[in-house]
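Values in this text are rule-based calculations from the coordinates and carry no lab data. Just so we're clear, the structure is a prediction, and the values are computed from it rather than from any experiment. Every residue, glycine among them, receives a Cβ derived from its backbone with ideal geometry; neighbour counts consider all protein chains shown.
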Amino acid sequence: MNDDNRVALVAGVGRGTGGAIARRLAAGGYRVALLARSESRMKEFEAELPGSLALPCDITDPAALDATMARCRAELGEPEIVVHNAARGVWGSFLDIDPAEMEANFQVNTMSLLHLGRAVAPAMVAAGRGAIIVTGNTSAWRGKPDFSGFAPTKAAQRILAEAMARELGPQGVHVAYVVIDAVIDLRWTRKRFPDLPDERFAKTEAIAETIYQVAHQDPGAWSFNVELRPAGEIW
């Protein structure tokens, strides 16, 4: 697996889960294409991770994504592993939320997965191998008060990923949906939940390690629905 010619792509790179995933893939010998809207943040990762490439891109824009993928192929090659980690949320009662905010959530959480999948799947099918991993959360499984503008978009994302998995699996491409049922351990979440015990926070490095292992599962035992939660999580 430590082949310097192998390429991975992470959409939604930041200082949390996306960045940890990029680091784990780089440690595994992959040259990593780093996609996010913030170029300055990605340049930090590009400087940190040898062989990586910062590609500022709005993946809700199909034309921008096509141009970004063309650059990825030209400078790195076709990605063998693709992680969709882009997410957007807004919370509040369904009576109060701005419908435009829900539409924006849908574009980032669901439509961008459609665009990204269409951009990378044909080459994977042609090669007879590849992995597309989608990071989700508990909202993909249930609707709760104040989650009306978010949960439906994550549920749609999971169903889209499942449809992709059923179509692409027989062609050698592994699609998996990773539900992160936790408060992720970040600087801002620590400030927001100061009284939450340490065992309730999910470590980004641990999440990244599981995603790496799922992306490398043997075809004889692939996972689709993967749930991650810290030992102290109430579920």
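If you line up the long axis of helix 17-27 against the longest principal axis of the chain, both from Cα atoms, how many degrees apart are they, to the nearest 10?
Taking Cα atoms only, the helix is inclined about 30 degrees.
Give the lysines whose C-alpha is closer than 20 Å to that of residue 154, dropping any in the same chain fewer than 8 places away, or say none.
Candidates past the 8-residue exclusion: 144.
State, to one decimal in nm, how far the label point of residue 47 lies from the label point of residue 123, with both points 7 Å from Cα in the Cβ direction.
It is 2.8 nm.
What value, in deg cm²/dmol to 500, does the helix sum -39500 (n - 2.57) over DSSP H runs of n ≥ 4 give at 222 nm once divided by the residues of the chain?
Estimated from H runs of four or more residues: -12500 deg cm²/dmol.
With contacts defined as alpha carbon pairs under 8 Å and 6 or more residues apart, what's the relative contact order of the chain in percent?
In percent, rounded to a whole number, it is 18.
Which distance in Å, rounded to a whole number, links the C-alpha centroids of the range 16-57 and the range 78-142?
After rounding, the separation between the Cα centres reads 19 Å.
For residue 203, go through the lysines and keep the ones whose alpha-carbon is under 17 Å away, minus same-chain ones fewer than eight residues off.
Reachable lysines: 191.
Determine which residues of the range 18-43 fall in the zone a paramagnetic label at residue 209 would reach in this model, i.e. backbone nitrogen under 18 Å from the point 7 Å along Cα→Cβ.
Residues passing the 18 Å test: 18-29.
The list (1) 39; (2) 48; (3) 35 gives values of percent of Cα pairs over 26 Å apart, and only one came from this structure; which label was calculated from it?
(3)
Along the Cα-to-C-beta direction of residue 88, a point sits 7 Å from the Cα; which residues of the range 155-195 have their amide N less than 20 Å from that point?
155-161
Evaluate the distance, in nm, between pseudo-label points positioned 7 Å from the Cα of residue 63 and of residue 167 along their respective Cα→Cβ axes.
That separation, rounded to one decimal, is 2.4 nm.
Ordered by packing density, taken as the mean number of other Cβ atoms within 10 Å over each peptide's residues, highest first, how do 206-213, 193-200, 32-39 rank?
Listed from highest to lowest mean packing, they are 32-39, 206-213, 193-200.
Under the definition of Cα pairs under 8 Å and six or more residues apart, what whole-number percent is the relative contact order of the range 1-112?
Worked out over the range 1-112, it gives 27 percent.
Given 94, 110, 215, which one lies farthest toward the positive end of the charge dipole of the range 7-228, if we put +1 on the Cβ of every Lys and Arg and -1 on the Cβ of every Asp and Glu?
215
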